[in-house]
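**Q** Let me give you the structure first, and then I'll get to my questions.
The values are calculated or read from the model by the stated rules, or taken from the named source; none is laboratory data. All of these numbers come straight from a predicted model, not from anything done at the bench. Because the Cβ atoms are built from the backbone with ideal geometry, glycine has one as well, and the counts that use them run over all protein chains shown.
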Amino acid sequence: MFLVPAHRRASLDVKLGLVKPTNECYRWCIQLFIIQIAIVYTYAAIAKLYPDWLNAMPAKIWFANKQKHHYFGYLFQQEWFAYFVSYSGIVFDFLIVPMLLWRRTRVLAVIAMLIFHQFNKLTFGIGVFPYLAMSLNVFFFPGKTFDNTVGIETKPFPYPVWTVIQQRNITILFCLFIIWQVLTPFRHHLYKGDVVWTEEGHRMAWRMMLRSKKGDAVFTVKDKNSDSTWAVYPEDHMLRYQARNVATKPDFIWQFARRLKHKYKREGYDVAVYVQSMCSVNGRPKRLLIDPNVDIAAAEWKHFSHNEWVLTEYK
């Protein structure tokens, strides 16, 4: 949105008269969105090609907790439905963008997308993503399909006259942006351990809803001056869904440990913060996620390499 002229239609800039409204844009603006959508779904499909997903383990766990669902309770009790959802998810992610690009299958693809995302929304309540994904369909249709400029005074897009050097620079910038988007989801392969367990490199890798991860975390705060210790439970300091994240995601654990350190520092204590975090992935027995002997509040978070206090073995 930063790179494209999204402020040229139905925007505050238009209403305030800061820019002239237009119903045109560069072709590369639309292609940029299509490429990003393709990246999201392609990586989501590739990420599903791992044993736990192919054995429908995440789906079985999710559905076991939702067998009294108002709409789909009966289906959630059937084992075949867990496999159907798992494998149809792979097929959907691989084919949805090609089907949207081909005019003959475009409407069918939109219907499939509506069913797919509405099922996810009704079943899992996963926030705004289903609506965002469905709204992006507009980029696959000709602009006139949604043209509502009747009675609105618009002008052609003010295409600048670019020199050869400017065109080259813009092309280079465009290519670098796409390369970044393509390579970023692979970064977790550079880190030690399995991203399903460590979560390192998980964000922006488009690994949506690939595992069922549960855990419990108890933080031990130790006063360095008196050696007195006391336990802190995340659910006493935050909402339930936040506490679930703190129990299973190392960066959340690190942030909460730092928050506790700052909190007690304001109260005049110099403390160390340790955590006992036991987690389970896809129904496996619980294992330690974090080294309980490391003062997490004193550790630094490494954004581009493995954090040694995150234990890597979970099988």
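**Q** Restricting attention to segment 89-141, which residues are hydroxyl-bearing (Ser, Thr, Tyr) and either closer than 23 Å to HIS70 by Cβ or not assigned by TED's automatic domain parsing to the domain that holds ALA44 (or both)?
**A** Those that are hydroxyl-bearing (Ser, Thr, Tyr) and either closer than 23 Å to HIS70 by Cβ or not assigned by TED's automatic domain parsing to the domain that holds ALA44 (or both): THR123, TYR131.
**Q** Pull up segment 48-69, narrow it to residues that are in contact (Cβ under 8 Å) with a residue 40 or more places away in the chain, surrounded by 14 or more Cβ atoms within 10 Å (Cβ to Cβ) and outside any helix (DSSP H, G or I), then point me to the one that is farthest from the chain's Cα centre (by Cα).
**A** The qualifying residue farthest from the chain's Cα centre (by Cα) is HIS69.
**Q** Something else now. Within segment 154-163, is even one residue surrounded by 12 or more Cβ atoms within 10 Å (Cβ to Cβ), at pLDDT below 90, out of contact with any strand residue (DSSP E or B) (no Cβ under 7 Å at 6 or more places or on another chain) and not in a helix (DSSP H, G or I)?
**A** Within segment 154-163 (the criterion being surrounded by 12 or more Cβ atoms within 10 Å (Cβ to Cβ), at pLDDT below 90, out of contact with any strand residue (DSSP E or B) (no Cβ under 7 Å at 6 or more places or on another chain) and not in a helix (DSSP H, G or I)), the answer is yes, since at least one residue qualifies.
**Q** I want to confirm something. Restricting to segment 71-108 and keeping residues that are without any contact (Cβ under 8 Å) to a residue 24 or more places away in the chain and surrounded by 16 or more Cβ atoms within 10 Å (Cβ to Cβ), which single residue is nearest to SER135 (Cα to Cα)?
**A** If we take residues in segment 71-108 being without any contact (Cβ under 8 Å) to a residue 24 or more places away in the chain and surrounded by 16 or more Cβ atoms within 10 Å (Cβ to Cβ), then MET99 is nearest to SER135 (Cα to Cα).
**Q** Let me ask you something else. Do you know which residues across segment 209-242 are hydrophobic (A, V, I, L, M, F, W, C) and in contact (Cβ under 8 Å) with a residue 24 or more places away in the chain?
**A** Of everything in segment 209-242, those that are hydrophobic (A, V, I, L, M, F, W, C) and in contact (Cβ under 8 Å) with a residue 24 or more places away in the chain turn out to be MET209, LEU210, ALA217, VAL218, PHE219, VAL221, VAL232.
**Q** Shifting gears a bit: Being surrounded by 13 or more Cβ atoms within 10 Å (Cβ to Cβ), free of Cβ contacts under 8 Å to residues at least 60 places away in the same chain and either not assigned by TED's automatic domain parsing to the domain that holds SER212 or not basic (Lys, Arg) (or both): is that true of CYS29 here?
**A** Yes, satisfied.
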